[in-house]
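The values are calculated or read from the model by the stated rules, or taken from the named source; none is laboratory data. Fair warning: this is a prediction, and the values are worked out from it, not measured in the lab. Neighbour counts are summed over all protein chains in view; Cβ atoms, including those assigned to glycine, are modelled from backbone coordinates with ideal geometry. We work out accessible area using only protein heavy atoms, side chains counted, and drop any ligands, DNA or RNA first. Shrake-Rupley method; radii C 1.70, N 1.55, O 1.52, S 1.80 Å.
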Amino acid sequence: MKKFLSLLLAMLMVLSLAACGGNDSKQPANDPTPAQSDNQPAANDPAPAEPATGMDALIEAAKAEGELVVYGSCEEEYLAAACENFEKLYGIKTTYQRLSTGEVQAKIEEENGNPSADVWFGGTTDPYNVVAAEGLLEAYAAENASHISKSVYKHKDNLWHGIYTGILGFMVNKDELSRMGLDAPQDWADLTDSKYQGLIWLSNYNTAGTAKLVINTMIQKYGHDAGIQYLVDLDKNIEVYTKSGSGPSKNVGTGECVIGIGFLHDGITQILDNGYDNIELIIPSSGTSCEIGATAIFKGAAHPNAAKLWIEYALSPDCVDLAQDHGSYQFLVIDNGNQPQAAKDFGLDPNNVMDYDFDDATANIATYIEEVMNALGGGDDRFKTE
């Protein structure tokens, strides 16, 4: 009997060991925790980060480049504020140089696809359109372009985007005109009257986008031959051609320039920021044109992602709302910016302007400049660019 019980106990032990054997990697059926493979994170490990997309990815790529170089053709105070704020927002080292639009155009054409800057900021679009046609600007479909209020404020192939618009007109020193016993000119034709000889300043056709706009405006207003003849007649009364488009406005308040041709928002700057309440702004009675101030990426930019981020920034309130706090009172072209009340208070209306043929201006401005200079006898020291 004892022998039988010992044998039975031995068999039971063998069966028990067999039941506990097998694959050690398997979990009991009632264990709620699944087995972990070597490449599967534990349940309490953090989930892997999702890759950045859209604007976040652009910001990351721009920060990785770490630098941006800007050529600016707006006024330097606004240019500096815009660049400093971009650097503050994104931690990207941002350097800038203020140049007239004509100077930027000449520089970019000379560099021919190997630009020393990444982006262009501010200044009239006639020179932008010339270098765009030459293949020297990079297309970019900006996400923030959805806020641009009119299609005319953007290049059809996204080679530049508008940021502001300003009205072309006259700024006069009321005190000086009164002292001379002269009334203020009210229209373009008045400026050719001999009584204003030596009193008018205009920017240089060779360097300033403002002056190029004047050429195109006169040709579109009067016709080709009559428009060029008008500029010849006007030249008889012009004392100084300044390098930059804002040059005349900066000398009206002091009386050195009695009548300045340029953008009226530059006159507002002199009145409000510099205290020259002796300046009167005049919108030509028979009509005038307006500029579109733009921004663009140069073809071959060394920091392409930072350049794209700049365009997004330039089309946002973070950038354009800085303008009126830094002496620039142009009307904004995006629908989510804060329009400068000062421009409205002075009676300016960006919709009350003549239709402007951008295609004709783009295709022919180089020829028009040559024709005007030839008509003026090749120019003189007033047109020197250095």
Exercise for review: Would you please name the residue that is surrounded by the most Cβ atoms within 10 Å (Cβ to Cβ), looking only at residues in the stretch 340-366 that are farther than 14 Å from residue 290 by Cα and among the small types (Gly, Ala, Ser)?
Suggested key: 342
Review point. Looking at residue 309, is it in contact (Cβ under 8 Å) with a residue 40 or more places away in the chain, under 13 Å from the mean Cα position of the chain (by Cα) and buried (at least 18 other Cβ atoms within 10 Å of the Cβ)?
Key: yes
Check your understanding: Considering only residues of the stretch 142-155 that are part of a helix (DSSP H, G or I) and either open to solvent by less than 30 Å² (accessible area, probe 1.4 Å) or small (Gly, Ala, Ser) (or both), which is farthest from residue 334 (Cα to Cα)?
Key -> 151
Practice item. Check 138, 103 and return the single one that is surrounded by fewer than 24 Cβ atoms within 10 Å (Cβ to Cβ), under 21 Å from residue 163 (Cβ atoms) and in contact with a Phe, Trp or Tyr (Cβ under 7 Å, 6 or more places away or on another chain). Key: 138
Check your understanding: Is it the case that some residue within the stretch 64-75 is open to solvent by 10 Å² or more (accessible area, probe 1.4 Å), touching a residue at least 40 places away in the same chain (Cβ under 8 Å) and within 16 Å of residue 312 (Cβ to Cβ)?
Key -> yes
**Study point:** Residue list for the stretch 89-100, filter: open to solvent by 10 Å² or more (accessible area, probe 1.4 Å) and either of a type in the set (S, T, N, Q) or touching a residue at least 60 places away in the same chain (Cβ under 8 Å) (or both)
**Key:** 89, 90, 94, 95, 97
Study note, to complete from the structure: (1) aliphatic (A, V, I, L, M); (2) open to solvent by less than 20 Å² (accessible area, probe 1.4 Å); (3) farther than 20 Å from residue 76 by Cβ all hold for residue 369 apart from (2)
Practice item. Could you please find all residues in the stretch 321-365 being hydroxyl-bearing (Ser, Thr, Tyr) and at pLDDT 95 or above? Key: 328, 329
Check your understanding: Which residue pairs have Cβ atoms under 8 Å apart, sit 6 or more places apart or on different chains, and have a first residue in the stretch 238-258 that is among the acidic types (Asp, Glu) and a second that is buried (at least 23 other Cβ atoms within 10 Å of the Cβ)?
Key -> 239/200; 239/201; 239/257
Point to revise | Residues located in the stretch 106-118, provided they are closer than 27 Å to residue 360 by Cβ and crowded, with 24+ Cβ neighbours inside 10 Å | key: 108
Revision key, fill the gap. Within the stretch 315-332, the count of residues that are crowded, with 24+ Cβ neighbours inside 10 Å and either without any contact (Cβ under 8 Å) to a residue 24 or more places away in the chain or touching a helix residue (DSSP H, G or I) at 6+ places or on another chain (Cβ under 6 Å) (or both) comes to 7
Review point. Taking the condition touching a strand residue (DSSP E or B) at 6+ places or on another chain (Cβ under 8 Å), at pLDDT below 95 and among the polar types (S, T, N, Q), does residue 94 pass?
Key: no
Check your understanding: If you check residue 359 against the conditions, is it without any contact (Cβ under 8 Å) to a residue 12 or more places away in the chain, under 22 Å from residue 167 (Cα atoms) and of a type outside the set (Val, Ile, Thr)?
Key -> yes
Check your understanding: Can you find a residue in the stretch 360-379 that is in contact with a strand residue (DSSP E or B) (Cβ under 7 Å, 6 or more places away or on another chain), within 27 Å of residue 158 (Cβ to Cβ) and of a type in the set (A, V, I, L, M, F, W, C)?
Key -> no
Exercise for review: Could you tell me whether residue 251 is assigned to a helix (DSSP H, G or I) and under 30 Å from residue 315 (Cα atoms)?
Suggested key: no
